Amino acid sequence: MKTNKRAILVVSFGTSYIDTMEKTITAIENEIQNVYKYDTIYRAFTSQIIINKLKKVNNIQIDTVKKAMDKIVQQGYDTVICQPTHIMHGIEYEKMIAMIKPYEKIIPNIKYGTPLLSSSEDYDKVVNAVMEENTQLNQKDVLLLIGHGTEHFADASYAALNYRFCANGYQNVLVGTVEGYPDMETIIKKLNTIDSNTIYIAPFMIVAGDHANHDICGDDENTWKMKLTSKGYTVHTILKGLGEYPYIRKIFIEHIQNVIES
């Protein structure tokens, strides 16, 4: 049975933190459904570890990309838009593409949306989205955004975003990473050149999950929060994933629309 409706597969890395999942991933999916009312929205996670944990601990079943695509095939859709909630064209995005590619022989029309940071315009839009969400900052306060980081060459996206903040006049916004570059040592050297003692620290991740709660905003001595506190800074934590930012969700909607119009 063929249908005249599209399927939109929203692919996320995933999180085992239910509260932030609802505020971020679910919020993105709901907004997509609100805009594309006549399309069917499917969810998939790329992290098998998170899928297994949600099933074991919370009895929540989340589809892999393969399972979601199999369902779409069974329902007879001949047009599928695959929209990731990934930050960049990194390992998880490439994994998503690799898992969907075999279905191009089965489904006549598969289109791929792009991650958050894909075009030059995306960088400016993300800068604006972040600043719209953080109007509490005083002129001398530092906003420190911490991303995951990756061994993939797409890790350069973080430094590029940092540059874009500066180019847009936000000299006190810094972008660091947990596992990539700029690292903590690099950020601390930069902080030494800024005349400010107050830092607002927030995850630059779609969800405020494990890294946000433990590596960034946690109270253990090796977290970003405690390392900076030990150096005399007054540190405020913003435990909010990017998926909670209305203008970030809007960018993903725009990426879907770009695919539809292409």
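The values are calculated or read from the model by the stated rules, or taken from the named source; none is laboratory data. All values derive from a computational prediction rather than experimental measurement. Here Cβ is always computed from backbone atoms with ideal geometry, including for glycine, and neighbour counts include all displayed protein chains. Each accessible area value is taken on the protein alone, full model and side chains, heavy atoms only, with ligands, DNA and RNA left out. Shrake-Rupley method; radii C 1.70, N 1.55, O 1.52, S 1.80 Å.
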TODO: Just one of (1) hydrophobic (A, V, I, L, M, F, W, C); (2) in contact with a Gly (Cβ under 7 Å, 6 or more places away or on another chain); (3) under 30 Å from Thr229 (Cα atoms) trips up Met131, so point out which.
DONE: (2)
Open item on the list: Conditions first: (1) of a type outside the set (Ser, Thr, Tyr); (2) closer than 20 Å to Val259 by Cα; (3) part of a loop (DSSP other than H, G, I, E, B); (4) over 18 Å from the mean Cα position of the chain (by Cα). Pro115 passes all but one, so which condition is the exception?
Closed with: (4)
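Only one of Ser16, Ser47, Ser12 is of a type in the set (Ser, Thr, Tyr) and either in contact with a strand residue (DSSP E or B) (Cβ under 6 Å, 6 or more places away or on another chain) or within 15 Å of Ile253 (Cα to Cα) (or both); which?
On the way: Ser16 fails: either in contact with a strand residue (DSSP E or B) (Cβ under 6 Å, 6 or more places away or on another chain) or within 15 Å of Ile253 (Cα to Cα) (or both); Ser47 fails: either in contact with a strand residue (DSSP E or B) (Cβ under 6 Å, 6 or more places away or on another chain) or within 15 Å of Ile253 (Cα to Cα) (or both).
Among Ser16, Ser47, Ser12, only Ser12 is of a type in the set (Ser, Thr, Tyr) and either in contact with a strand residue (DSSP E or B) (Cβ under 6 Å, 6 or more places away or on another chain) or within 15 Å of Ile253 (Cα to Cα) (or both).
What is the residue count in region 21-40 for residues that are open to solvent by less than 10 Å² (accessible area, probe 1.4 Å) and assigned to a helix (DSSP H, G or I)?
Here is the first cut: in region 21-40, the ones open to solvent by less than 10 Å² (accessible area, probe 1.4 Å) are 21, 24-25, 28, 32.
Remaining after also requiring assigned to a helix (DSSP H, G or I): 21, 25, 28, 32.
Summing the residues that are open to solvent by less than 10 Å² (accessible area, probe 1.4 Å) and assigned to a helix (DSSP H, G or I) in region 21-40 gives 4.
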TODO: Looking only at region 219-226, decide whether some residue is assigned to a helix (DSSP H, G or I) and either of a type outside the set (A, V, I, L, M) or over 26 Å from Ser16 (Cβ atoms) (or both).
DONE: yes
Task: The lone exception for Thr26 - which of (1) of a type outside the set (Asp, Glu); (2) within 30 Å of Ser120 (Cα to Cα); (3) in contact (Cβ under 8 Å) with a residue 40 or more places away in the chain it fails - done: (3)
Task: region 154-205 - residue that is among the polar types (S, T, N, Q) and open to solvent by less than 60 Å² (accessible area, probe 1.4 Å) and, of those, modelled with the lowest pLDDT - done: Ser196
- [ ] Looking at (1) open to solvent by 50 Å² or more (accessible area, probe 1.4 Å); (2) farther than 16 Å from Gly113 by Cα, find the lone condition where Ile51 falls short.
- [x] (1)
